[in-house]
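Below you'll find the structure, written out as structure tokens, and then a few comments.
Where a number appears in this text, it was derived from the coordinates with a stated rule and is not lab data. Predicted model only: the values in this text are computed from it and were never measured. Ideal geometry is used to build each Cβ from the backbone, glycine not excepted, and the neighbour counts take in all protein chains shown.
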Amino acid sequence: MASTSSATPLDSTGSADAEPGKNATSSGVRSSWEFFPALTAAKLPHGFSLRTGGINHPPPVRDLGIDPDRLIGAEQPHGNEIAFVENSSPRFYPGVDGLLTQCQGVALKIRIADCAAVYLFDPEIPALGLVHSGRKGSEAGIVAKAIEGFRNRWGSPAERLTLQISPCIRPPHYEVDFARQIREQALDMGVRSLFDCGTCTACHLDRYFSYRVEKGRTGRMWAVAMLPV
Ligand SMILES: [Zn+2]
């Protein structure tokens, strides 16, 4: 394990840099959430909770300007089904791993602890997607399905999307480089604004939960995002 501690992000695009929360206003927010520069630049309210934000209680989404009563979740059965969220009800979508919406003020949430959360954003519609994509979901092409969903539902060309991949488990801590699969599928679909923070959850247990390293006895990070009102 020690050999992986020197692992560095695979590339510099969209790196969750050394100053997570630099667009936050308080140290509490800074210690609870990480922010992705590409999404910040796109003016998309978002966050990725750190383990310092708490293990057994939800991170304070109000700090992100998100109403917890308008936070929508998914069952995340490691499949490739997506759902279109039309409003604040229902709050929970069974059987799906991806949520897409064009509703302003409705926040999407994906919970992970090694799998990737993938944020998708078309600023012109505007429309937002948040997808849970681990080994199985990536093999099943859920991100490609979400990109298709943007095109079919809203006419969003892939070239207009900003796509951000969150921290997730990566080689050598995991035998499958599913983040690479996600990147390849997105590029094949025509995505050009593609950002991968490159960070391995299992390499940084001070910041992230890792289901594999902690043998299932761990918490979850929350990936959240909301179209601005
Ligand atoms: Zn690692």
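Assorted remarks:
- DSSP-loop trypsin sites (Lys or Arg not before Pro) across segment 125-229, with at most 11 other Cβ within 10 angstrom: LYS215, ARG217
- Of interest is the spacing of the C-alpha centroids, which for segment 80-105 and segment 189-216 amounts to 23 Å.
- For segment 32-133, the alpha carbon convex hull comes to 102 Å³ per residue, rounded to a whole number.
- In segment 81-174 the Cα-Cα distances spread across 10 Å bins starting at 0 as 17, 51, 28, 5, 0 percent of all pairs.
- In loop segments of segment 138-229 as defined by DSSP, the GluC sites (Glu not before Pro) with at most 12 further C-beta atoms inside 10 Å of their C-beta are GLU175.
- Label-point separation, ASN152 to GLU214 (7 Å along Cα→Cβ), nm: 3.6 nm
- Here's the list of aspartates and glutamates a cross-link from LYS43 could span, going by alpha-carbon distance under 19 Å and ignoring same-chain residues fewer than 8 apart: ASP17, GLU19, GLU34, ASP63, ASP67, ASP122, GLU124, GLU159, ASP196.
- Three-way shape label, segment 12-226, alpha-carbon gyration tensor, a/c 1.5: rounded
- Loop-located chymotrypsin sites (Phe, Trp or Tyr not before Pro) across segment 189-229 with a Cβ neighbour count of 15 or fewer within 10 Å are lacking, with loop assigned by DSSP.
- Along the axis of the charge dipole computed for segment 99-229 (Cβ charges of +1 for Lys and Arg, -1 for Asp and Glu, origin at the Cα centre), the listed residues ALA186, PHE150, MET226 are led at the positive end by MET226.
- Between the residues PRO171, VAL96, SER32, the greatest Cα displacement towards the positive end of the dipole of segment 12-226, with unit charges on the Cβ of Lys, Arg, Asp and Glu, is found for SER32.
- Listed by Cβ neighbour count within 10 Å, with the fewest neighbours leading, LEU108, LEU120, LEU205, LEU64 appear as LEU205, LEU64, LEU120, LEU108.
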